[in-house]
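Nothing in this text is a laboratory measurement; each read-out follows from the coordinates by a stated rule. This structure is a prediction, so every number in the text was calculated from the model and none was measured. Quick reminder, even Gly has a Cβ in these numbers, built from the backbone with ideal geometry, and neighbours come from all protein chains shown.
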Amino acid sequence: MKHLKSLNKKAHLINQAVSPEDVEDVVAMQTVVGCTATTDPGWELDPFGGLGSLCQPMESDLYGCADACWWPAQVPDTMNSYPDWGEGVAKADKDWRKLDGIFEDGE
Amino acid sequence: MALTKQNKKRVPLVGPALALVAVLAAPAMAAQPDGETIIRNNCLACHSETGDKAAPFSRISEQRKTPEGWRMTINRMQALRGAKISPEDKRALIQYLADNQGLAPTEAEPYRYLLEQDTNRVEEGIDEGLGQMCARCHSGARFSLQRRSEDEWKRLVDFHMGQFPTIEFHSLARDRAWYDIAKNETAVELGKNFPLITPQWNSWKTAPKADLTGRWRVLGFVPGKGQFDAWMNAAKSESGYQLQLEGQYADGSKLSGSGNARVYTGYEWRAALTIDGVKMRQVMAADAKGGEMAGRMFPAAERAIGGELRAVRDQGEAEVIAVMPSLLRQGESAELTILGQHLEGDVSLGEGIEIEKVLERDDDSIRVLARATGSEGARSPSVGSASLEGGLSVYQTLARVEVVPANALTRIGGNGGEMEKVRAVYRAVGYSAGADGKAGTEDDLRLGYMPATWSIKPADEVAAHDKDEDFAGSIDAHGIFTPGDAGPNPARKMSANNVGRLTVIASVNDGDAQVRGEGSMLVSVPDFVRRVLD
């Protein structure tokens, strides 16, 4: 597994983990502000600092993850906060164009 | 409805009897209600009046945060809790809360990047434990920009637990008793690190606040257009300042705009201007005397694409504010512009620098042709009695190039979908080796921004194998990286998205040679939840 070294100072530690299960014993990923890599898989990065273990394409299992509020800071959690998100977009891998974000008014 | 969704572990928000009394006690709506009245009118259906003068409103009184932090909380009250508040009341309430329960300048200082929306960075200085418990979903700055009583940190943990019940099952959570640790250790630590009552806030709260009315000499950077200098006039208005901005880019083209600013907590400058048809935002912090402000400016519609911004108030004194470019290669002639105000008298660029010709001269800008003959090192250019320490660097060899941001994240988008692409802008900073002659050591001399040619390559063999460089996006001559289109891509393995890991390369000319610097780029999937502060 290859790493994004500069994105992850702890990469070498995670590198030593023999399997994804072991990753939990390792320190938190350092990622760019506002990202998550520590849910499994992460949203932007996998726990190895790469993309190899992410759900790809992300549309394929989006609701499986959003329903369980897996990345509530990146994907609207439909469990509690935004139950209607994704409504009318039955299959994200076909209808992904209709998926809209939650944009806060940041005025 | 919202209340029932809360975690049962949470302390009840309000005793119904108290709330009723509070509502009845609320005075009739005035034309411009004060903050407490707005709270009474809008928040007491769920929150209560405590009867305690020092902390009159439940939940609301025992925290302090930035204007953005308050906006985010009130947004949640509206979006998830069903609170109703008019836009005018909301604006006035954010002003009131940020003014009376804000952060002192020194408290906000280490985390300004989040306020400035300058998020292409790996956070440093976030305690490792807090990183694992808290900063694994969102930035560490989000909570480091808040001050709360220990109880309020605990209630914040309860809010998370109730709102995101799976929080315990994520990796770095299911290996431990997450809720117990969060409530009994993390919240206690947060209460110590970021307490409600601090000497900094006590002294800032009572300190006289500067009036920011006047003429400001402004220097900034607009991606795609470049460096600019301008004058910005700030005239008092009802809610803050009315702004007028006129200036020029380094290539001589003009910029002009107008808008409004609000100042929160006596120093947090937030402006919305339309500059040449584009809505822009300014986020700056004013110094205690109100003589200088510094921060960032970015398009309202695309906060990732911004640039540094500095403003120095015209107080009738001569001042040299910057020399652009801020570097001069030994033995070469180059055009330099000295920017400032009330620039009268003799011009000097420092020891060993010959001014071959004054090309243009105003009282706020002097363009010269200069040649460096002296030794390598920093110089302090001056005009009359005003000088700028270390404002210009003479160098012999460009030792290294730093790409900023060193770590960036962009997001696929577009392609007919609702989510826009999130781009990134790069700049190259040059360094000479300094006295020890070795690049990459502490005494390297920062020369300043330099023009570069930009390219990308895959970050490693995996990225090369997946052809990330072909799918994930491209970089233009201005250093602006545009990620690939959203959606599954049938041309990729498993129809993967156009995500990727890239190295961004800046090539900078140094005489006949070229010096390269590299940055790391992650092209990622969309962020469907964009908060005021991520």
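Data table
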| read-out | value |
| --- | --- |
| Top positive-direction residue, dipole computed over the protein assembly as shown with Cβ charges, set B:Ala435, B:Leu339, B:Val529 | B:Val529 |
| Helix B:87-100 vs. chain B, principal-axis angle (Cα, 0 to 90°, nearest 10) | 80 degrees |
| Spatial separation of Cα centroids for the stretch B:205-262 and the stretch B:56-104, in angstrom | 27 Å |
| Within the stretch B:214-312: Cβ-based charge dipole about Cα centre, in debye rounded to nearest 20 (Lys, Arg +1; Asp, Glu -1) | 160 debye |
| Selection from B:Tyr111, B:Leu130, B:Ile94 lying farthest towards where the dipole of the stretch B:77-163 points positive, charges on Cβ | B:Ile94 |
| Whether the stretch B:10-204 is rounded, prolate or oblate, judged on the alpha carbon gyration tensor where a/c under 1.5 counts as rounded | prolate |
| Nearest-20 debye value, the stretch B:10-204 charge dipole, Cβ charges on Lys, Arg, Asp, Glu | 540 debye |
| For residues of B:501-509, the mean tally of beta carbons on other chains within 10 Å | 1 |
| Charge dipole (debye, nearest 20) of chain B; +1 at Cβ of Lys and Arg, -1 at Cβ of Asp and Glu | 2480 debye |
| Peptide B:302-313, shielding by other chains (average Cβ, 10 Å cutoff) | 0 |
| Under the Karplus curve 6.51 cos²θ - 1.76 cosθ + 1.60, θ = phi - 60°, whole-Hz ³J(HN,Hα) for the stretch B:412-420, x wherever Gly or Pro sits | 4, x, x, 6, x, x, 7, 8, 6 |
| Per-residue [θ]222 nm for chain B (sum of -39500 (n - 2.57) over DSSP H runs n ≥ 4, rounded to 500) | -5000 deg cm²/dmol |
| Peptide-level mean, for A:82-88, of C-beta atoms on other protein chains within 10 Å | 1 |
| Acute angle (nearest 10 degrees) that the helix B:16-25 long axis makes with the longest principal axis of chain B, alpha-carbon atoms | 70 degrees |
| Protection proxy ranking of B:405-417, B:328-340 - average other beta-carbon atoms within 10 Å, highest first | B:405-417, B:328-340 |
| Gyration tensor (alpha-carbon) shape descriptor, the protein assembly as shown, a/c threshold 1.5 | oblate |
| Listed residue (B:Leu196, B:Ala378, A:Leu54) projecting farthest to the positive dipole end of the protein assembly as shown, Cβ model | B:Leu196 |
| Tensor-based shape of the stretch B:384-495 (alpha-carbon gyration tensor, a/c under 1.5 rounded, otherwise prolate or oblate) | prolate |
| Peptide ranges B:37-50, B:191-204 listed from the most packed, as the mean C-beta count within 10 angstrom indicates | B:37-50, B:191-204 |
